[in-house]
Amino acid sequence: MGAPELERLPAALARRIALAAQGFGEPRPSVAVGTRQLRRVAERLGVVQIDSVNVLSRSHYLPFFSRLGPYPRAALDALSNRRHDLVEYWAHEASFLPARLHPHLRWRMDAADREAWGSIVRVQRERPEYVAALLQRVREEGPIRAAQLDEARPNRPGSMWNWHAGKAALEYLFFTGALTARARTAQFERVYDLTERVLPAAVAQAPTPDRPEAMRELVRTAARALGVATERDLRDYFRLAPGDARTAIAELAEAGELQPVEVVGWGAPAWLDPAARRPRRIRARALLSPFDSLVWERPRVERIFGFRYRLEIYTPAVKRVHGYYVLPFLLGDQLVARVDLKADRQSGVLRVQAAHAEPGSDHALVGDALADELRLMADWLELDDVVVGERGDLARALAHAVGGVRVAG
């Protein structure tokens, strides 16, 4: 008897499944958003990427706004700074993740000398006594920030990793799991403390899963967050090695927790979370951070949405096509536009520095929907106005829709 025939998913259905899995398959709450809804989104996503760029907002705040609408950012801060339901670690990149997943990344902590990057491994290799003394200092004196260490910063202009030895040592200890982030300051600086003093006791004392079990849980979490995905999609979510990911996928498929499917037009084998919702329609409206898990893997975005997206932050200004901090705009189940946004806090203005529509989009319809979302975002960011610049083929329609409306008094 032959193997059962693979289910064949239309591309549009796969797109809706992916959107629902990422939290866009249901309306935003009609009541005030609090801890319960924030925790639910974090658990659904599994990983919320952190980035230091603050031209609009710290990036980790944006995925929650995209899915829930306006919410008190202090409530999200409390989940990581006080409750520690969310903890920091190198999951996708630097990320917040539900505390329950921390033990499933201990294999990465144990492999710090292989998994981490040069500067933080170098300080341990060249000055192990300094690293050990710094850990002892935290153990005896309590939480510490890198700025409190009396270390000269190296002179490497233009380097994004321009760290002094103390910062590198703290990051090494963070990577190994000896330290974690107790909180972030108002300037977004990590406050390091012993991991066992920060994590909930049940998590800190949980037995360490063996590597195969940990890999299965990470792939399982990725599959739930993605809905339907290729092997590369599943592997990229937690930046797993190909061999580890393939083994975990095979074991989950054998257990019935992943279903092999064919998605029309994908050109690669795919895996479906059997519990994934299959909505007939998506009614989403959201601006997406460049680091949102819906769009962070650019080949997946292109495969699902036909949307070519590149981060141009590090591209020289004269060579940028769409702008510096560009957010895709989701309307229904399509990415229909992109806007280069800046929160001009001094002037109290949300500036749309460029607005581009996707080919075939109805500029008037997209402009109206985008204007509503920009007003909502401006109000959430405590900015008074939305001001639209002249760059981009959507700028005129968007400026007309915004109409100079004042957002907040």
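The values are calculated or read from the model by the stated rules, or taken from the named source; none is laboratory data. Please read these numbers as outputs of a predicted model, since none were measured by experiment. Cβ sites come from the backbone with ideal geometry, for glycine too, and all protein chains shown count toward neighbours. Side chains are part of the model used for accessible areas, which takes the heavy atoms of the whole protein and leaves out ligands, DNA and RNA. Shrake-Rupley method; radii C 1.70, N 1.55, O 1.52, S 1.80 Å.
The relative contact order of the chain comes to 17 percent, based on Cα pairs under 8 Å that sit 6 or more residues apart. A Gaussian network model of the chain, with springs between Cα atoms under 10 Å, assigns the largest mean-square fluctuation among Glu217, Glu189, Glu373 to Glu189. A simple count of charges around Leu13, restricted to other residues whose Cβ falls under 13 Å of its Cβ and scoring Lys, Arg +1 and Asp, Glu -1, yields +4. Which of rounded, prolate or oblate describes the stretch 1-140 when judged by the alpha-carbon gyration tensor and an a/c cut-off of 1.5? Oblate, because a/c is 1.5 or more while a/b does not exceed b/c. Charge tally for Val121 (other residues, Cβ to Cβ under 15 Å; Lys, Arg +1; Asp, Glu -1): +1. Ranking Trp296, Trp163 from most to least accessible surface, computed with a 1.4 Å probe over the protein chains only, gives Trp163, Trp296. In the assembled protein chains, Arg232 presents an accessible area of approximately 130 Å² (probe radius 1.4 Å).
Residues considered: Glu43, Glu126, Glu213. Largest GNM mean-square fluctuation over the chain, using C-alpha springs under 10 Å, is found at Glu126. Estimated at 0.36 nm per residue, the fully extended path between Arg82 and Ala202 surpasses their Cα-Cα distance by 41.6 nm.
Computed about the Cα centre, the dipole magnitude for the chain is approximately 360 debye when only Lys and Arg (+1) and Asp and Glu (-1) carry charge, each at its Cβ.
Comparing Ala354, Val386, Ala371 along the charge dipole axis of the stretch 346-403, the residue lying farthest to the positive side is Ala354, per the Cβ-charge model. Over all distinct Cα-Cα pairs of the stretch 148-281, the Kirkwood formula returns a hydrodynamic radius of 18.2 Å. Taking +1 at the Cβ of each Lys and Arg and -1 at the Cβ of each Asp and Glu, which of Ala133, Ile313, Thr208 sits farthest along the dipole of the chain towards its positive end, judged by Cα position relative to the Cα centre? Value: Ile313. Whole-percent P(r), the chain, all Cα pairs, 20 Å bins from 0: 25, 55, 19, 0.
Within the assembled protein chains, the solvent-accessible surface assigned to Phe174 is about 0 Å², based on a 1.4 Å probe.
Surface calculation, 1.4 Å probe, protein heavy atoms: Lys342 sits at approximately 80 Å² accessible. Taking every DSSP beta bridge that has both ends in the chain, the antiparallel portion is near 85%. Residues Asp150, Asp368, sorted by accessible area with the largest first, give Asp150, Asp368 [1.4 Å probe; ligands and nucleic acids excluded]. Annotation for the stretch 244-270 versus the stretch 34-99: alpha-carbon center distance of 29 Å.
Taking label positions 7 Å along the Cα-Cβ direction at both Arg36 and Ala147, the computed distance is 3.8 nm, reported to one decimal.
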